[in-house]
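Please read the structure below before turning to the comments.
Every number here is computed from the coordinates shown, using simple stated rules; none is lab data. Everything numeric here is computed off the predicted structure, so don't read it as measured data. Note: ideal-geometry Cβ built from the backbone for every residue, glycine included; neighbour counts use all protein chains shown.
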Amino acid sequence: MCSVSWWIDESGYQLFFNRDEQKARAPALSPQSFALQGIQVLMPIDPVGKGSWISLNEAGVSLCLLNNYQGKTPSGQLTSRGQLVKQLSSATGLAQIEWQFAQLDLQQFAPFTLLAFELGNSKVREFQWDGENASILYAQSPHFSSAVELEGVTAYRQSVYEELAVESADDLLLFHSQHHPEQSHFSVCMHREDAQTVSFTRIQVAKDNFQMSYVAGSPCSNLTPQALASQSYYFQGNGFQSNRSQDTCFHEKVSLVSGSY
């Protein structure tokens, strides 16, 4: 249950992600940095599956994952789909992700859609696994997933997107904050008795700015400019600079700063 949209122009790309989850699921951990295969990667962590649903690395490559609830789940013991994001998050380009995807034993994963972005490439790759067949496509913004009434959810959120007539990346902040009480379970910021939107993530990638902003809680009530500014994480070092003073260093090679943890 998620909503994802993006904005790509000559300067780079921006990725926007609402994560919807069961209310009983443990809260995610704020973005952390990892050295994976020699590449610095930033991602929030799901404490249940020990993986993530979204990542950004020092090469300017981002991944995000949506569950495909309508696919056919393979039999046997499965690996958390969040581990797939972690496994592929160190790739330094889309070609490498395509090669690694082709080597995967997909029978170990429940169905999913994985979106991949890289700086300087306007074409977003969509890696699909429906539990029986795999495919690689070019994706169009926005994308949605839902375990309940997928067709209705998609139609409603798509109509909101089209009515908004997105003309800038900032318009997508409004889109991901959208909540209509009379259509609560269809809204982009979703609320149901059993589930709701639990966080919002924004990734900004340009030549001189690699940044992830993470705001926990429902975007309709928590997504503010102040929250985005105080919960932003930047790559620093090796040519990456931050527009904020450095508060905390996690690694010698690449450091990350945040106003709040």
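Given the rule -39500 (n - 2.57) for each run of at least 4 DSSP H residues, summed and divided by the residues of the chain, what is its mean residue ellipticity at 222 nm, to the nearest 500 deg cm²/dmol? Walk me through the numbers on the way to the answer.
Working: 6 runs with 52 residues, N = 261.
The per-residue figure over the chain is -5500 deg cm²/dmol.
Provide Rg and Dmax in Å for the stretch 2-234, with only Cα atoms included in the calculation.
Here Rg and the maximum Cα pair distance are 16.5, 49 Å.
Normalised by the residues of the chain, what does the relative contact order come to in percent, with Cα pairs under 8 Å and at least six apart?
This gives 20 percent for the chain.
Please go through the residue pairs LYS23/LYS72; LYS23/LYS207; LYS86/LYS123 and name each one whose alpha carbons sit more than 32 Å apart in this structure.
Flagged as over cut-off: LYS23/LYS207.
Please sort by residue number the GluC sites (Glu not before Pro) in the stretch 1-66 whose DSSP state is loop and whose Cβ has at most 10 other Cβ atoms within 10 Å. Mind dumping the intermediate values first?
Numbers: sites: GLU10, GLU21, GLU58; in loops: GLU10, GLU58.
For GluC sites (Glu not before Pro) across the stretch 1-66 that sit outside H, G, I, E and B with at most 10 neighbouring Cβ atoms in 10 Å, the list reads GLU10.
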